[in-house]
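The values are calculated or read from the model by the stated rules, or taken from the named source; none is laboratory data. Owing to the predicted nature of the structure, the values given are computational and were not obtained by experimental measurement. Virtual Cβ from ideal backbone geometry, glycine too; neighbours counted across all protein chains shown. For the accessible areas, the whole protein counts, side chains as well, though only heavy atoms, and no ligand, DNA or RNA atoms are used. Shrake-Rupley method; radii C 1.70, N 1.55, O 1.52, S 1.80 Å.
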There are 2 protein chains.
Amino acid sequence: MTKEASLQFHMSMGMLINSAHRSMTKRFVTNAMESGLDISLDQWMVLGPIWQLESASQKELGEMCLKDKISITRIIDALEKKNLVVRVPDQIDHRINRVVLTNAGKQLFYDVLPIMEKTREEVRKDIPEQDFEIFKNVLSTIIKNLDDG
Amino acid sequence: MTKEASLQFHMSMGMLINSAHRSMTKRFVTNAMESGLDISLDQWMVLGPIWQLESASQKELGEMCLKDKISITRIIDALEKKNLVVRVPDQIDHRINRVVLTNAGKQLFYDVLPIMEKTREEVRKDIPEQDFEIFKNVLSTIIKNLDDG
DNA sequence: AAATTATAGTTGCATTTGAAACTAAATAAA
DNA sequence: TTTATTTAGTTTCAAATGCAACTATAATTT
């Protein structure tokens, strides 16, 4: 590869992903705040699977959200502090925490859904469905490529 | 949008970008370390434009790297501490710093190029050129969408 | 059964990051 | 000219993140 091509690469890939990630996170939080909702994108990304799985272990949540256990611990800490979820020790395996939504957590989940939709629309404006699918596939492939490399 | 679709979204977009970004950063640093080079992806992303622009202001670097001025200040601090760059006050406008590579900085730049290429290949493995182009376009569009929203 | 290994989750510490306030210089307005 | 405004960059403080070591429980091995 020529120097120029490498430079081109470094200026596109890392930079673009980095910047898109930052912008999205920011926009989501801003949109939430404007609706009087206090939640980070990370917290939301975990709240969804909690809602979906009903009583997931932290490990399961981590796998679902592609996050390590430390991050999950902390996000659950934050959610628990806000009384949105509770940790319930598993009846059989006492190492496991089952994480379940409180009523306030469920309420927040439903309140945030339209915020998510709004953010989604802002993000996807002008991007054809087909391109977006390719985009997501490429992201998945990149993650896979780097996980078992 | 249905609840399921929103959930689907939140579990793909944010999560995937987040995860891909983390993996890439990690892989780049690991690859660099294995070659005995001590540089973060952020630092590299700024080093490139410094090399290319020859004597860029911090503002220009920020625009080029899609980073805010605070990040640039810190990255330049780090690079300067490692004697890879120096800040030279602009002769005419004393507010501006011109950032230039030292010989060590130029050397590192050339040393890191193959690392970047290696990382690039690991990232892009199995991704058709065409999809990758779409991928980058989508990222650019997302950034644009969120910047002037 | 006792000792070993593996798993789930937490904690502590050091580094990184982000937002807002700040300094210093340049430009524009009065 | 002096005052106000904008611009480039830095600093500070609080919050987020990453890594390694740690606890507690469960599953294996001997």
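Of all helices (runs of 4 or more DSSP H) completely enclosed by the stretch B:1-104, which ones contain at least 3 residues that are at pLDDT below 95 and touching a strand residue (DSSP E or B) at 6+ places or on another chain (Cβ under 8 Å)? Reasoning before the result, please.
On the way: elements: B:3-34, B:41-53, B:58-65, B:69-81.
So the answer is B:41-53.
Considering the stretch A:109-134 alone, what residues qualify as being under 18 Å from A:M45 (Cβ atoms) and in contact with an Asp or Glu (Cβ under 9 Å, 6 or more places away or on another chain)?
Residue satisfying the conditions is A:I115 alone.
For residues that are open to solvent by 30 Å² or more (accessible area, probe 1.4 Å) and either within 12 Å of chain B (Cβ to nearest Cβ) or within 16 Å of DNA strand D (Cβ to nearest atom) (or both), tally how many sit in the stretch A:92-110.
Residues flagged as open to solvent by 30 Å² or more (accessible area, probe 1.4 Å) and either within 12 Å of chain B (Cβ to nearest Cβ) or within 16 Å of DNA strand D (Cβ to nearest atom) (or both) within the stretch A:92-110 amount to 9.
Could you tell me which residue of the stretch A:68-91 is least open to solvent (accessible area, probe 1.4 Å), considering only residues that are more than 12 Å from DNA strand C (Cβ to nearest atom) and in contact (Cβ under 8 Å) with a residue 12 or more places away in the chain? Steps first, answer last, please.
Step one: of the stretch A:68-91, the residues more than 12 Å from DNA strand C (Cβ to nearest atom) are A:82-84, A:91.
Add one more test, that the residue is in contact (Cβ under 8 Å) with a residue 12 or more places away in the chain, and what stays is A:82-84.
Working: A:K82: 68, A:N83: 103, A:L84: 14 Å².
Checking each candidate, the answer is A:L84.
Of everything in the stretch B:42-69, what is of a type in the set (S, T, N, Q) and at the interface with another protein chain (Cβ under 7 Å from one of its Cβ atoms)? Give them in sequence order.
Looking only at the stretch B:42-69, we keep the residues that are of a type in the set (S, T, N, Q), and these are B:43, B:52, B:55, B:57-58.
Passing the criteria: only B:Q52.
Considering (1) surrounded by fewer than 19 Cβ atoms within 10 Å (Cβ to Cβ); (2) under 29 Å from B:P128 (Cα atoms); (3) touching a residue at least 12 places away in the same chain (Cβ under 8 Å); (4) within 15 Å of DNA strand C (Cβ to nearest atom), say which one A:C65 fails and leave the rest.
So A:C65 meets the others, but not (1).
Could you check the stretch A:129-138 and list, in sequence order, the residues that are open to solvent by 10 Å² or more (accessible area, probe 1.4 Å) and within 9 Å of chain B (Cβ to nearest Cβ)? Spell out how you get there, then give the answer.
Of the residues in the stretch A:129-138, the ones open to solvent by 10 Å² or more (accessible area, probe 1.4 Å) are A:129-131, A:133-134, A:136-137.
Passing the criteria: A:Q130, A:D131, A:I134, A:K136, A:N137.
Could you say which residue among B:T119, B:T141 is over 15 Å from the mean Cα position of the chain (by Cα), under 30 Å from A:I134 (Cα atoms) and crowded, with 19+ Cβ neighbours inside 10 Å?
Details: B:T119 fails: over 15 Å from the mean Cα position of the chain (by Cα).
The match here is B:T141.
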